[in-house]
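Just below is one structure, and these are the notes that go with it.
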Amino acid sequence: MLGPLHRVVRPLDWTGSAVVVASWLVAGLGLLIALLVALPSRWVAAAFDSPELVRLSLALLVVLTVALVRPFVVAPLPGAVVLSWRTLRFRSDARRRRIALEDIARAELAVRPPPVFEAVVIVLHDGRTLEVCPLDWPGAPQLLRSLVARVGRRRRPSPGADAPATSLGD
């Protein structure tokens with residue numbers, strides 16, 4: 001949600017599930033209110049005397065509001081991964097890390113042993129490799145695409161980048 005400015009990956013633990021359940025409850029309550037509230041006559045008159053059109057607009061407004069607010073509710077969760085503006089925040093090695101995009105040499109997909117199988121990994125310019133999150137977390141594929149696109153746009157040479165490239169046939 002919110003496209004390239006704010007990407008949030010929701011962890012697959014009880015905190016992420018609680019946020020999903022809470023957002024569905026808020027959306028359901030908002031939809032119930034939108035359907036049962038007494039409508040002002042001016043709103044109905046402005047909608048071509050159609051109360052159904054006003055209720056549909058209110059329901060759409062509730063759903064969009066919940067969808068826009070959810071990433072900001074997920075972002076403070078302990079296991080969440082957040083790519084916001086030029087910073088990537090995630091938990092690695094039991095520490096919360098904040099990495100500037102300028103410090104990332106590349107982002108890639110790495111194969112891990114079960115139960116993770118695939119994980120989003122970043123390689124920093126100093127040569128360190130950090131695991132960001134498993135690929136099966138909600139929002140992880142979009143995060144990987146966004147990281148690859150943002151890091152690929154600007155090319156800062158990483159250590160060892162001045163070595164000549166060799167083909168696979170050599």
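Structure values in brief
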| read-out | value |
| --- | --- |
| Among (1) modelled with pLDDT under 90; (2) among the basic types (Lys, Arg); (3) within 22 Å of residue 153 (Cα to Cα), the one test that residue 95 misses | (3) |
| Selected residue [surrounded by 13 or more Cβ atoms within 10 Å (Cβ to Cβ), at pLDDT 90 or above, among the charged types (D, E, K, R) and under 12 Å from the mean Cα position of the chain (by Cα)] from 106, 89 | 89 |
| Residues (surrounded by 11 or more Cβ atoms within 10 Å (Cβ to Cβ) and part of a loop (DSSP other than H, G, I, E, B)) located in the range 6-39 | 10, 11, 12, 13, 37, 39 |
| Given (1) surrounded by 14 or more Cβ atoms within 10 Å (Cβ to Cβ); (2) in contact with a helix residue (DSSP H, G or I) (Cβ under 8 Å, 6 or more places away or on another chain); (3) more than 30 Å from residue 135 (Cβ to Cβ), index of the condition residue 83 fails | (3) |
| Which listed residue, of 57, 23, 41, 17, is farther than 30 Å from residue 151 by Cα, among the polar types (S, T, N, Q) and in contact with a Lys or Arg (Cβ under 7 Å, 6 or more places away or on another chain) | 23 |
| Test for residue 167: is it surrounded by 15 or more Cβ atoms within 10 Å (Cβ to Cβ), at pLDDT below 90 and not acidic (Asp, Glu) | no |
| Considering residues of the range 40-72 that are β-branched (Val, Ile, Thr) and either surrounded by fewer than 16 Cβ atoms within 10 Å (Cβ to Cβ) or modelled with pLDDT under 90 (or both) only, the residue nearest to residue 91 (Cα to Cα) | 69 |
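Yes/no matrix, rows are residues, columns are (1) in a strand (DSSP E or B); (2) of a type outside the set (A, V, I, L, M, F, W, C); (3) more than 30 Å from residue 34 (Cα to Cα):
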{"site": "69", "(1), (2), (3)": "no, no, no"}
{"site": "89", "(1), (2), (3)": "yes, yes, yes"}
{"site": "102", "(1), (2), (3)": "no, yes, yes"}
{"site": "106", "(1), (2), (3)": "yes, yes, yes"}
{"site": "110", "(1), (2), (3)": "yes, no, yes"}
{"site": "114", "(1), (2), (3)": "no, yes, yes"}
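The values are calculated or read from the model by the stated rules, or taken from the named source; none is laboratory data. Source: prediction; values computed, not measured. Here the Cβ is made from the backbone with ideal geometry for all residues, glycine too, and neighbour counts use every protein chain on show.
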